[in-house]
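Enquirer: To start, I am sharing the structure in question, which I have written as structure tokens.
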Amino acid sequence: MSDPLLLIISSPSGAGKTTLTRRLLQQLGQELRFSVSHTTRTPRRTEVAGQDYHFVDPDTFRAMVAEERFAEWAEVHGNLYGTCMSEIDDARREGRRALLFDVDYQGARQIKAKIPAAVGVFILPPSLSELRARLEGRGTESPESLERRFAKAKEEIEHYPFFDYLVVNDDLNRAHAELHGIVHGELCRRWRLADRAEALLRE
């Protein structure tokens, strides 16, 4: 069996990445594994260790950094977050065809630097005005926080050329179909299935 497809999905806040990711995981089932990140922050009441995050103390996290065990890591608002390389081994051991990383563009760059074969997909909102409306519609941000998030979103969109694919989320069903198509197209790459073709020739 070939190594799992390493699928990086990134987007600015409000573009619909979480919804699209959940639908993809539901549709592909056991074929796709979600990469669970490590973090030093305190678990929220509804979060499950090992499912939402691997919760570790700062000393443990920094020891893992020193041992180069992360494909990517960053400090965000005083907490450390990272994607462990062992997630790839776990996906391979489980026989998964793909492993999904939900990271920002900085994490995507780190992963691609270590694993060039990883495939990056960036989710775009249909427009900046629609993105602002979505962020306002959440009703969870102060005006100042909203402006910071909106400015951050525009900064993230500037990095779209780094990614292999772009999906415009102007219609959820169509965006999901496009994302699903990207996954299956990548899984049908010649080098992934060459062993199957060679086995047929040997019969």
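Enquirer: Want the number for Glu67 to Arg174: 0.36 nm per residue separation, take away the alpha-carbon distance, what's left?
Expert: Here the segment from Glu67 to Arg174 would lengthen by 34.3 nm.
Enquirer: Taking the Cα centre of segment 5-202 as origin, sum charge times position over the Cβ atoms of Lys and Arg (+1) and Asp and Glu (-1), and report the length of that vector in debye to the nearest 20.
Expert: Using only the charged Cβ atoms, the result is roughly 520 debye.
Enquirer: Please compute the contact order of segment 5-202 in relative form: average sequence separation of alpha-carbon pairs under 8 Å and at least six residues apart, divided by the residue count, as a percent.
Expert: Relative contact order for segment 5-202 comes out at 31 percent.
Enquirer: Continuing with the same structure: If R0 is 35 Å, what FRET efficiency do you get for Lys114 and His77 from their C-beta distance, rounded to 0.05?
Expert: Calculated value: 0.90.
Enquirer: Considering the options Phe61, Gln30, Leu5, tell which one lies farthest towards the positive end of the dipole of the chain, charges being +1 on Lys and Arg and -1 on Asp and Glu at the Cβ, about the Cα centre.
Expert: My answer, from the dipole projection, is Gln30.
Enquirer: For the pairs Lys17/Lys154; Lys17/Lys152; Lys17/Lys114, note any where the Cα-Cα span goes beyond 22 Å.
Expert: Lys17/Lys114
Enquirer: For segment 95-122 and segment 5-54, compute the distance between their C-alpha centroids and round to whole Å.
Expert: With segment 95-122 and segment 5-54 each reduced to a Cα centre, they are spaced 13 Å.
Enquirer: Given springs between every Cα pair under 10 Å in a Gaussian network model of the chain, which of Gly181, Gly107, Gly120 has the largest fluctuation?
Expert: Top of the fluctuation ranking is Gly181.
Enquirer: As an exercise, use a Förster radius of 45 Å and the Cβ-Cβ distance of Arg93 and Phe162 to find the FRET efficiency, rounded to the nearest 0.05.
Expert: Efficiency, rounded to the nearest 0.05: 0.90.
Enquirer: Please order Ser127, Ser37, Ser142 by the number of other Cβ within 10 Å, starting at the fewest.
Expert: Neighbour counts put them in this order, fewest first: Ser142, Ser127, Ser37.
Enquirer: Out of residues 5 or more away from Leu6 or on other chains, whose amide H comes under 5 Å of its own, with H placed 1.01 Å from N in the peptide plane?
Expert: Under 5 Å from the amide H of Leu6: Leu99, Val119.
Enquirer: When the Cα atoms of the chain are enclosed in a convex hull and the volume is divided per residue, what value in Å³ results?
Expert: In the chain, the Cα hull volume divided by residue count equals 142 Å³.
Just so you know, all these numbers are worked out from the coordinates, no wet-lab data involved. Keep in mind it's a predicted model, so treat the numbers as computed, not measured. Don't worry about glycine lacking a Cβ; one is built from the backbone with ideal geometry, like all the others, and counts go over all protein chains shown.
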